[in-house]
Amino acid sequence: MIVNETKLKDCFIIEPQVFNDKRGYFVENYNQKTFKKAVGIDVEFVQDNESKSSKGVLRGLHYQLGSFAQAKLVRVIKGSVLDVAVDLRPNSATFGEHLSVVLTEQNKKQLFVPRGFAHGFLVLEDHSIFSYKCDNFYNKESETGVIYNDETLGIDWTMTEDDLIISDKDLLLPTLKNARL
């Protein structure tokens, strides 16, 4: 496993080792001991989620508040996405900054998104399957987010707004300035 630090503290891009042969491939997507040693963070994942989406679907930017905050380890099983993490930790030197990374079934990269970050992704290929581990259970009452096109964030989603498919709920999310943190 190769762990790459990013410009956002505690947010890592992880490249697992892939073993290929004439039968196909084998990859260990997660190993708690290896992960803890590599990133220096002790995380106990308690929930796995998966979504399948069409090209142009934008999900996010989501996070949970307070004691229901979640760290996530995300990856793509099929297809590709542009994955985005935004640092929302008020005392962080990188507050309001974001990181974008393309995750694909071919590159098998993963992104570790720590607690205190908003997270979202744009689907780049039809029938993409996105998977993520969470270190806390989902709680509807603590769910919130930041609007995907907040000008202060300046995220380049790589598609025109006309090509995006966004839920009504996500279109009503507040700007960073008005978000609950």
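Read-outs: derived from the displayed coordinates by stated rules, not from any lab. Since we're looking at a predicted model, the values are computed, not measured. Here the Cβ positions follow ideal geometry from the backbone for every residue, glycine too, while neighbour counts run over all protein chains shown.
The order of 80, 100, 128, going from fewest to most other C-beta atoms within 10 Å of their C-beta, is 100, 80, 128. Normalised size of the chain, defined as Cα radius of gyration per 2.2 N^0.38 Å with N residues, equals 1.00.
Scalar couplings 3J(HN,Hα) for the stretch 161-166, obtained by applying the Karplus form with A = 6.51, B = -1.76, C = 1.60 to θ = phi - 60°, are 4, 5, 8, 8, 10, 10 Hz; x denotes Gly and Pro. Taking amide H as placed 1.01 Å from N in the peptide plane, residue 12 has its amide H under 5 Å from the amide H of 112, each at least 5 places away in sequence or on another chain.
Dipole magnitude for the chain: about 620 debye, using +1 per Lys or Arg Cβ and -1 per Asp or Glu Cβ, origin at the Cα centre. Within the straight-line cut-off of under 25 Å between alpha carbons, the lysines reachable from residue 9 are 33, 36, 37, 72, 108, 109, 133, 177, sequence neighbours fewer than 8 places apart in one chain being disregarded.
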